[in-house]
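The values are calculated or read from the model by the stated rules, or taken from the named source; none is laboratory data. These numbers come from a predicted model, not from an experiment. When we count neighbours, we look across all protein chains shown, and the Cβ atoms used for this are built from the backbone with ideal geometry, even at glycine. Surface accessibility is based on the protein's heavy atoms, side chains included, excluding ligands, DNA and RNA. Shrake-Rupley method; radii C 1.70, N 1.55, O 1.52, S 1.80 Å.
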Amino acid sequence: MARGHAFAIMTASCTAAAACSGCVPSGTGWAAPYLEDQSPKIAVVMPARAPSISQEFRYNENIAGHEGIDILAPVRTPVIAAADGVVRNSLFEPMYGNRLVIDHGSDAAGRRIVTVYKHLKARIANPGSHVQRGETIALSGNTGALAGGIPHLHFEVHRQAHSQSAGMSPIDPHLVWANGAGRVSCYTPHAQEQPQSDALTYPLACGPLRTPS
């Protein structure tokens, strides 16, 4: 997607969201609507203190426009692992800037799942390291040409079509939240029992967005 087009979509999404005042990246509790040509559209339930989503997933056999969700966050906001896993890649590339890729192993159906974190200001977790759900793995930013200058985290989920498939495809992150499809699930540090590794929690902490000094 061209940089100008990506920026226009994000700006339009922000403008359309009633809870967004001037599209300040510290807004919480709202999610932009899906674009009309995306199918299926998932009813999204946002916790009041979850950082807001400015652009939804947009990908199918005929569309390859946006393979994840964009979550608004000030530069240097801690990015946390969506589940336990192993860091497979940590790199910089011009279009999406700093990125991390975490392998979460297989789900109950034997399909491998990975999460991808893009536009980062800084990468903290190292390749090969084991990370736990909620662990700080990076700091959010606006690196890369497709960031559009707006600080946010671009978050993707990729999954095998089936356990014997060699390839992986992007899926809507809203399909795999720990609380169920469409129910954005905040990470709770002191929960007595954490979700299974194939059920994801939000990659940013819910509550006031604090940046490191």
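Using only Cα positions of the range 76-213, each an equal point scatterer, no hydration layer, compute I(q)/I(0) via Debye at q = 0.10 Å⁻¹ and quote the log10 values to two decimals.
Here log10 of I(q) over I(0) equals -0.31.
Can you tell me the accessible area per residue over the range 46-119, all protein chains present, probe 1.4 angstrom, in square angstrom?
Averaged over the residues of the range 46-119, the accessible area is 36 Å².
Of all the accessible heavy-atom surface of the range 154-203, with the other protein chains kept in place and a 1.4 Å probe, what percent is carbon and sulfur?
44 percent
Taking the Cα centre of the range 34-133 as origin, work out the dipole magnitude from +1 charges on Lys and Arg Cβ and -1 charges on Asp and Glu Cβ, in debye rounded to 20. List each step's numbers first, then the result.
Values: 12 positive and 10 negative charges, 94 e Å.
For this selection, approximately 460 debye.
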